[in-house]
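The values are calculated or read from the model by the stated rules, or taken from the named source; none is laboratory data. Just so it is clear, the structure is predicted and the values come from calculations on it, not from any experiment. Backbone-built Cβ (ideal geometry, glycine too); neighbour counts: all protein chains shown. Ligands, DNA and RNA are stripped out before the accessible areas are found, and what is left, the full protein with its side chains, is counted by its heavy atoms. Shrake-Rupley method; radii C 1.70, N 1.55, O 1.52, S 1.80 Å.
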Amino acid sequence: MFFLVRLGVNYTSNIKIAVVALFAIVMSTSTMIAIAQTAEGHGVQAQLQSRFVRIQDEAFSAQTLNTGDQLVVTGNLQSLVNKPLRAWLSLFSESTNAGNRWEFIARDPPGNIFDIPPQGTIPYSITAKALEPGVYHVHTQLNVEHVGPGLGPGQTIQVSGPAILKAVPWGNVAYQVILIGAGLGVTFATRPWQVI
């Protein structure tokens with residue numbers, strides 16, 4: 001370093017320039033990686049999900065519907081583990097438009113939460129009514145307790161016709177707002193130091 005100072009080289013400014021250049025390289029590289037195109041596999045389940053339950057034989061009653069028509073999705077849920085699992089079924093729907101509206105009519109197994117026996121197979125059925133026109137890609141969505149969601153392969157569904165608008169259940173909204181407000185009130189009253 002003494003040698004560089006005698007030659008008139010400012011060692012400190014060179015280090016600053018090197019650090020700034022390194023920072024710029026890291027930032028630009030990470031930006032390019034972030035905006036680079038990614039490869040996606042449609043219908044590919046997460047590895048964690050496929051080790052617990054497999055969605056098999058997913059079938060759809062129709063590929064084209066009018067609003068108000070019902071779509072029935074059927075298939076089998078195959079447990080791959082030696083312990084019982086708690087799960088619930090739904091539909092995951094991707095759309096080209098802002099809407100994503102389906103009304104659930106029936107589910108089999110009935111109810112919200114059901115058990116899948118160890119190494120068991122359970123047939124399922126979900127019936128939903130199309131409420132809004134659009135092109136949807138619909139999947140069976142199985143949510144397993146302590147594991148997370150998994151999707152079936154899915155199917156593209158074309159829905160046409162006028163949108164069906166449902167009235168907002170303002171009584172339910174008011175009830176939920178009151179419960180949330182009461183919960184926040186209790187939280188503030190009993191633990192104000194944890195909320196702030």
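Before moving on, here are some points about what is shown:
- In the condition set (1) closer than 29 Å to Ser95 by Cα; (2) aliphatic (A, V, I, L, M); (3) out of contact with any Leu (no Cβ under 7 Å at 6 or more places or on another chain); (4) not in a strand (DSSP E or B), Ala163 is compliant with all but (3).
Conditions (1) surrounded by fewer than 13 Cβ atoms within 10 Å (Cβ to Cβ); (2) closer than 15 Å to Phe52 by Cβ, marked per residue:
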position: Leu85; (1), (2): no, yes
position: Ser90; (1), (2): no, no
position: Ser95; (1), (2): no, no
position: Pro123; (1), (2): yes, no
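- Which listed residue, of Gly134, Gly150, Gly120, is under 22 Å from the mean Cα position of the chain (by Cα) and closer than 21 Å to Asp57 by Cβ: Gly150
- Residue in the range 56-71 that is at positive phi, modelled with pLDDT of 75 or more and of a type outside the set (A, V, I, L, M, F, W, C) present: yes
- Residue that is in a strand (DSSP E or B) and closer than 30 Å to Arg51 by Cα, where the choices are Asn76, Asn112: Asn76
- Only one of the listed residues (Gly134, Gly152) is in contact with a Gly (Cβ under 7 Å, 6 or more places away or on another chain), of a type in the set (Gly, Ala, Ser) and on the phi > 0 side of the Ramachandran plot. That residue is Gly134.
- Here Gly150 fulfils each of the conditions (1) closer than 19 Å to Glu94 by Cα; (2) of a type outside the set (Asp, Glu); (3) outside any loop (DSSP other than H, G, I, E, B); (4) open to solvent by 50 Å² or more (accessible area, probe 1.4 Å) apart from (4).
- Residue ID - nearest to Phe60 (Cα to Cα), chosen from residues in the range 157-196 that are within 27 Å of the chain's Cα centre (by Cα), open to solvent by 70 Å² or more (accessible area, probe 1.4 Å) and in contact (Cβ under 8 Å) with a residue 40 or more places away in the chain: Gln158
- Scanning the range 97-109 for residues that are assigned to a strand (DSSP E or B) and over 17 Å from Lys166 (Cβ atoms), we see that the one that is least open to solvent (accessible area, probe 1.4 Å) is Ala106.
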